[in-house]
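Engineer: One structure coming up, written as structure tokens, with questions to follow.
The values are calculated or read from the model by the stated rules, or taken from the named source; none is laboratory data. Remember, it's a predicted structure, so these values are computed and weren't measured experimentally. Neighbour counts run over all protein chains shown; Cβ positions are idealised from the backbone, glycine included. Surface accessibility is based on the protein's heavy atoms, side chains included, excluding ligands, DNA and RNA. Shrake-Rupley method; radii C 1.70, N 1.55, O 1.52, S 1.80 Å.
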Amino acid sequence: MATERPMAALDAAMMTGDVLTNPMHVAALLIFTPPPGSDRHYVDDLFRDGLLHLGGVDPRLSKRPHIGAGTFGRWVWQEVDVDLYSHVQRRVLPPESGEAGLWQLVADLHSLPLDRHRPLWMAYLIDGLPDGRFAFYIKLHHTLVDGVEGMQMIADGLTTDPDARDVKPFYSAGVHAPEPRTEAAGGPPNPLSLLSAIASTAGSSIGLARNLIGGGIDYLAAAAEGISPAPLSAPFTRFNDALGFKRAAAGGSWPLPRFRSVTQVAREGIADTVTINDVLTAVVSGALRGWLQDHDELPASSLIGFCPISVRAGDGSAGSGTGNMFGLQQCPLGTDLADPVARLTLVHRAMAWAKDQVARRGSAATVLLATPNLVPTLLLSMLPLTPKWRTGYNVPISNVRGPAQDMYFNGAHLDALYPVSTVFDGFGLNATICSYADTVSFGYVAGRNLVPDVDTLIGHTEAALTELETALGR
């Protein structure tokens, strides 16, 4: 009989949501070039070796969810043996498919829910790309890892050594660090995993109550300045409607030095505290503005982004200690502003204010203050008779730091690393950004019924970056 242990409360809630509404998995797409001199059997050998000679599977990937009469209606984890042939599969693209065909396949795979009778993860080796390249599409349920930990898990299955030929895949036991390396991963978790962490520590202390009251007053002042939106003040867009069963996905990569250059110029012309994350968020804002204009759907008021943020703790403020503190913020994106510099300025002011709130008030208070926007957005989208004129926010935007150096998998060079995140009823479009080596990749995921042409956001992203470069006089 399988070993059982209770599931954490929010994980159980996510499992219930997975059953009743939308699949809740995160994913990544990795594109590789085989090593020089490799023969036509190279990918065949990779696939065979990925099923053999592993020495076990990572414990996080060796448990399945279960609920039934024997658990008294509660979700539990069952430790089980893993049948790798059910979790590691191969797909071959039709001839001449190219990267467009790859993204179509990724979208189709991302649409499929994970089988809850088995551990909640899948890995697909995808062959048939031009020039002999191949890809891995990897997806894991949100109850196993958040986006940051999942990215670290994948990175641990790679190496900086191009000559290494004994690299085990990410799901192998023993290839990962014994402790999560959230700070090294370089970014905050997404809203669901962050709520899970806060729910276990928020409590009802006097300090938390004081920070909630003080934070509420600060939010009112910030709303008056336009740098923090009032609750349920985001305009309703198609992104905030209910999802169908199908997904659409697209990704694009850009040289990291372009964003560094824009950041440097912005520090000279706007404020010396402008960050590269501010620039990335402003570029997403410009891309969304361009897409909405093309569809004659640009609201008169600004879209609101839902952004996890992090600050360095340890200065004696709320939640003092070392390491990173995480919070949530509804960031006005300035999509109603035609001037890209004005959009960047607004994003910078909003994010700087949000970081100050997390540092002063602590993670728990800022997350709890955000829930009046988060919960109604998720719930109201599922009610068919609810008026569709306002919502809490429009688009989640997050930034995850990938490996800083060029990486290899048994001699194959990792050319590109794309995040493929989660969408739910209420937020049918997700923008996630990932750095890798000297590149930045944007991954857009949407409900296919809401944004069937999600691939056009890649062109709008380039246009938004170019527009910002030109406006700053780069």
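Engineer: Does L468 qualify as being over 20 Å from the mean Cα position of the chain (by Cα) and at pLDDT 95 or above?
Structural biologist: It is true that L468 is over 20 Å from the mean Cα position of the chain (by Cα) and at pLDDT 95 or above.
Engineer: OK, next. Looking at (1) at pLDDT 70 or above; (2) buried (at least 24 other Cβ atoms within 10 Å of the Cβ), find the lone condition where P403 falls short.
Structural biologist: Every condition holds for P403 apart from (2).
Engineer: Sticking with this structure for a sec: Going by the structure shown, is I458 assigned to a strand (DSSP E or B) and of a type in the set (V, I, T)?
Structural biologist: So I458 fails the test.
Engineer: Filter segment 339-364 down to the residues that are open to solvent by 10 Å² or more (accessible area, probe 1.4 Å) and either modelled with pLDDT of 90 or more or closer than 14 Å to A271 by Cβ (or both) and list them by number.
Structural biologist: Residues satisfying the conditions are D339, P340, V341, A342, T345, L346, H348, R349, A352, W353, K355, D356.
Engineer: Quick test of your reading of the structure: D272 fulfils all but one of (1) within 23 Å of A437 (Cβ to Cβ); (2) part of a loop (DSSP other than H, G, I, E, B). Name the failing condition by number.
Structural biologist: It is condition (1) that D272 fails.
Engineer: Go through segment 440-460 and give me each residue that's farther than 23 Å from S111 by Cβ and over 17 Å from the mean Cα position of the chain (by Cα).
Structural biologist: If the condition is that a residue be farther than 23 Å from S111 by Cβ and over 17 Å from the mean Cα position of the chain (by Cα), then G459, H460 are the ones that fit.
Engineer: A further question follows. Among the residues of segment 208-240, which ones are touching a Ser or Thr at 6+ places or on another chain (Cβ under 6 Å) and either modelled with pLDDT of 85 or more or not hydroxyl-bearing (S, T, Y) (or both)?
Structural biologist: A222, A234, P235, F236, N240
Engineer: If G392 satisfies every condition in (1) at pLDDT below 95; (2) farther than 27 Å from H141 by Cβ but one, which is the exception?
Structural biologist: Going through (1) at pLDDT below 95; (2) farther than 27 Å from H141 by Cβ one by one, G392 breaks only (2).
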